[in-house]
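Below is one structure, written out as structure tokens, with a few remarks after it.
The values are calculated or read from the model by the stated rules, or taken from the named source; none is laboratory data. Bear in mind that the values here come from a model prediction, so they are computed numbers and not experimental data. All Cβ positions, even for glycine, are placed from backbone atoms using ideal geometry, and neighbour counts span all protein chains on display.
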Amino acid sequence: MPRYPAPPNAPAKVRVVTLRIDGQDIGAREDESVLDVAAEHDIRIPTLCYLDGLSTWGGCRMCMVEIAGSPKLLPACSTQVAEGMEITTNSDKLKNYRRMILELLFAERNHVCSVCVSNGHCDLQDLAVECGMDFVRVPYRNAPYEIDSSHDLFRVDHNRCVLCTRCVRVCDEIEGAHTWDIMGRGVECQVITDLNTPWGESDSCTGCGKCVQVCPTGALVKKGTAAGEMEKRDDFLPYLTQMRGNR
Amino acid sequence: MSLEELQKIAAAAKVKAESYEHHVHVCMAASCQSCGAADIKTQLTETVKENGAEADIWVKGVGCMGLCSAGPLVRVESPADESEYLYQKVGTEDVSELYASIDGNPVERMRCQTEIPFFARQQKIVLENSGRIDPEQIDDYIAEGGYTSLVRALTGMSPQEVLREVSDSGLRGRGGGGYPAGLKWATVARSPAPVKYVICNADEGDPGAFMDRAVLESDPHRILEGMALAAYAVGAEYGYIYIRAEYPLAVERLKKAIRQATRHGFLGRQICETPFSFEIEIRLGAGAFVCGEETALISSIEGQRGQPSPRPPYPADEGLWDCPTLINNVETLANVPAIVREGGEWFQSIGTEKSTGTKVFALAGRIAHTGLIEVPMGITLREIIEEIGGGIPEGRKFKAVQTGGPSGGCLPEENLDMPVEYDTLRAAGSIMGSGGMIVMDETSSMVDVARYFMDFCMTESCGKCVPCRAGTFQMHGLLTKIARGEATAADLQLLEELCDVVRDTSLCGLGQTAPNPVVSTLRYFRHEYEEKLKTDSTDLEIVAS
Ligand SMILES: Cc1cc2nc3c(=O)[nH]c(=O)nc-3n(C[C@H](O)[C@H](O)[C@H](O)COP(=O)(O)O)c2cc1C
Ligand code: SF4
């Protein structure tokens, strides 16, 4: 996973900049992302692939915002704040785009909420509600996907996967096992364990279950849960990364 | 190596060339080789030997001569009477007749007229040696003035002076984006980082494009010299050429060229007895189009999955292994030796104010002469298509010209008198791109064209971001529905909405430009879409309500 640590000769002192988000004047450190600064000031920008404690992926494009003077929309998660920025997070255009991105996600795989173990505890579902996406205009792709139940404790249901790569990142960056990765291109992309061997036969998986806890949907779940029963906890991550950083 | 030594090699090569009465050049680029050029060269060499004429006739394999559709091409030059004959579609059965003609009258049957605008209207900088020198012989390149720019720069110019020539030249990136090369070089040069890299982007993935391949196969030393000059200007010691594995001949010639250049001391440690060192390695791409995107290319060199990452940071600040990295296209770098040799001002005088120099295009489609051309910027599309390309065959009518491949657009008749420049093309809804140019006549359906390119983007999307991954899939589905005559006005509206979302929210250039073929054909040929719609009143009501 490409990571961009601060260059070795970066200035030690970080300046404070002032900017405006949705009309609100804000002061922030210049090395913070727009998303972090907005969150600190209770300005909610929808996200899906982003997770505090993991590297930034920038793939879901839910957090796109408008920045005055820039002809392009920019992702809040991977854009650093700068002096004088004027940011809009919720214009009609952005709302429409977010709805369309969610429609594309729902149509890409088979998200049948009523029978899903994560029903009611799903980030994708919550986003649809938050963004007012109540029907899907594009045709469903209806591609058949497998369910891999070979692991003793967990199950992966590719029908529910949104390819956010949270599992890939947590396994690589926090657990250090790098069991998960992605194969294929375009809509044919799929998360895999090891070199596309069944999860239960993976040599590298430690069975820690971090991937299950960070998965935003019902793609990675604990075995033995019934519809609507799978609640996840991904709030352990910031503590973990912070504790490790302090060591 | 000093300038004198270089001139000595060049003089020796010239003496050798002048000792022959006739020069027979056989094109040994991939396209002519695929129709049997290698056999023709072997047979010609043998015939010459059988007749004991080795001292008079020099049979030489050269690079691309441009008119690929007429290959295999053979050129016979006789410096004594200044005659030069180009033969097209030569077969092994023609060899004896061809040999017999060398001392006598040309074989009219196979002759290819070289006074036609296809040859006469071109202006060559990047391709100046292409089709004239043996790409596998470094002495041939040196004889044409090769490596003098590098030796002059290292022994007589500061890195800043080299950089200034490139800035003054107004050279813009030929890989598609058109970013000013001087600015990019200056960013890398400015960084105090101890380790920097130069990368030559030879991934060339646009369907139908083969400009970079031709340069690499015909004049590989030119790229090495361009890279070395770039490295000297920005302060890099290591370079990579990222080339797709589908170009085995280019890879082989590059490897050979690197070996020869290292042996001659143009690459390696302490080049020309100066403190400047520069080494080049080749990296093979496995054929993913997206690996031509600079951040994906860098990931791929690092051994990771070839997937773009957000910019900034730009490679010029944090590129390969987080070091400042200069990444330029093959054609961009191929211009550099000429710019350093002739000066930035000279280059700036060619082309137009904002688009200087020349551009190589791969001319294809419904046009009389297909192949590789190099023309000054600012030439009109009409001149390229009607004069150089020889117009549309079979008396058909011109309909559109596609530039820029899957990221570009289709331009109609009314835009033909537009000059070929980065900014005019963009304003008209297309882009310069890397140089693919496909001409379409009245028999082509614009919906099919848009669908073809969408199919390409859909299968080449890396899958990282949702709008490109799932959006191109849906757009392709809608275009298929329209092409089949099964779509409604609501579908067309949805398609247009998707164009906006995918363009505005995708992460990299692939997704951001994927809607271009659709948007441009909708802009100029909307009626072709509308004619295919079925009027279904119930669907229309749903949209209204
Ligand atoms: C999807 C995609 C594919 C690309 N493919 C190529 C390519 O094959 N060759 C190339 O030179 N540049 C390609 N580019 C452009 C590069 O990202 C980069 O801008 C270029 O190599 C810079 O060189 P230049 O400034 O000399 O043009 C591609 C860009 C995108 C978004
Ligand atoms: S735009 Fe397409 S190719 Fe580029 S990062 Fe996104 S999915 Fe990958």
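For the reader, a short list of remarks on this structure follows.
- Only residues that are closer than 13 Å to residue A:93 by Cα and of a type in the set (D, E, K, R) were counted across the range B:492-502, and they come to 2.
- Boolean, residue B:82 is closer than 29 Å to residue B:124 by Cα and out of contact with any strand residue (DSSP E or B) (no Cβ under 8 Å at 6 or more places or on another chain): yes
- Where helices (runs of 4 or more DSSP H) sit wholly within the range B:391-509, those with at least 2 residues that are more than 24 Å from residue B:375 (Cβ to Cβ) and touching a residue at least 12 places away in the same chain (Cβ under 8 Å) occupy B:446-460, B:466-483, B:489-505.
- Here B:308, B:312, B:337 are screened, and the one residue that is within 16 Å of ligand 2 (Cβ to nearest atom), within 24 Å of the chain's Cα centre (by Cα) and farther than 18 Å from residue B:194 by Cα is B:308.
- Segments classed as helices (runs of 4 or more DSSP H), wholly inside the range B:31-148, with at least 2 members that are buried (at least 20 other Cβ atoms within 10 Å of the Cβ): B:37-50, B:95-102, B:138-143
- Failed condition for residue A:184, given (1) in contact (Cβ under 8 Å) with a residue 12 or more places away in the chain; (2) over 14 Å from residue A:218 (Cβ atoms); (3) of a type in the set (Gly, Ala, Ser): (1)
- Verdict on residue B:444 being among the hydroxyl-bearing types (Ser, Thr, Tyr) and closer than 15 Å to residue B:206 by Cα: no
- Residue match in the range B:272-290 (condition: at negative phi, within 16 Å of ligand 2 (Cβ to nearest atom), among the β-branched types (Val, Ile, Thr) and crowded, with 24+ Cβ neighbours inside 10 Å): yes
- Condition met for residue B:525 (within 16 Å of ligand 1 (Cβ to nearest atom), over 28 Å from residue A:63 (Cα atoms) and in contact with a helix residue (DSSP H, G or I) (Cβ under 8 Å, 6 or more places away or on another chain)): no
- Members of the range B:474-484 that are surrounded by 24 or more Cβ atoms within 10 Å (Cβ to Cβ) and at the interface with chain A (Cβ under 9 Å from one of its Cβ atoms): B:474
Residues checked against (1) within 10 Å of chain B (Cβ to nearest Cβ); (2) closer than 23 Å to residue B:464 by Cβ; (3) modelled with pLDDT of 95 or more:
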position	(1), (2), (3)
A:101	yes, yes, yes
A:119	no, no, no
A:165	yes, yes, yes
A:175	no, yes, no
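- Flag for residue B:503 being more than 9 Å from chain A (Cβ to nearest Cβ) and closer than 20 Å to residue A:74 by Cα: yes
- Look at the range B:96-113: where a residue is at negative phi and a partner is part of a helix (DSSP H, G or I) and among the β-branched types (Val, Ile, Thr), sitting 6+ places away or on another chain with Cβ atoms under 6 Å, you get B:99/B:47.
- Every condition in (1) within 16 Å of ligand 1 (Cβ to nearest atom); (2) surrounded by fewer than 21 Cβ atoms within 10 Å (Cβ to Cβ); (3) among the β-branched types (Val, Ile, Thr) holds for residue B:505 except the one numbered (2).
- Some residue of the range A:75-93 being β-branched (Val, Ile, Thr) and within 11 Å of another protein chain (Cβ to nearest Cβ): yes
- Comparison of B:261, B:233 shows that the only residue that is in contact (Cβ under 8 Å) with a residue 60 or more places away in the chain and closer than 23 Å to residue B:295 by Cα is B:233.
- Considering B:154, B:267, B:183, the condition of being farther than 20 Å from residue B:128 by Cα and touching a Cys at 6+ places or on another chain (Cβ under 9 Å) is satisfied by B:154 alone.
- Pick from the range B:429-466, criterion more than 16 Å from ligand 2 (Cβ to nearest atom) and among the hydroxyl-bearing types (Ser, Thr, Tyr), ranking: farthest from the other protein chains (Cβ to nearest Cβ): B:443
- Contacts under 7 angstrom Cβ, first residue in the range B:317-332 being touching a residue at least 60 places away in the same chain (Cβ under 8 Å), partner of a type in the set (Gly, Ala, Ser) and part of a helix (DSSP H, G or I), 6 or more apart: B:326/B:230; B:328/B:181; B:328/B:230; B:332/B:181
- Residue B:261 being more than 26 Å from residue B:150 (Cα to Cα), touching a helix residue (DSSP H, G or I) at 6+ places or on another chain (Cβ under 7 Å) and either within 14 Å of chain A (Cβ to nearest Cβ) or away from ligand 2 (no atom under 16 Å from the Cβ) (or both): no
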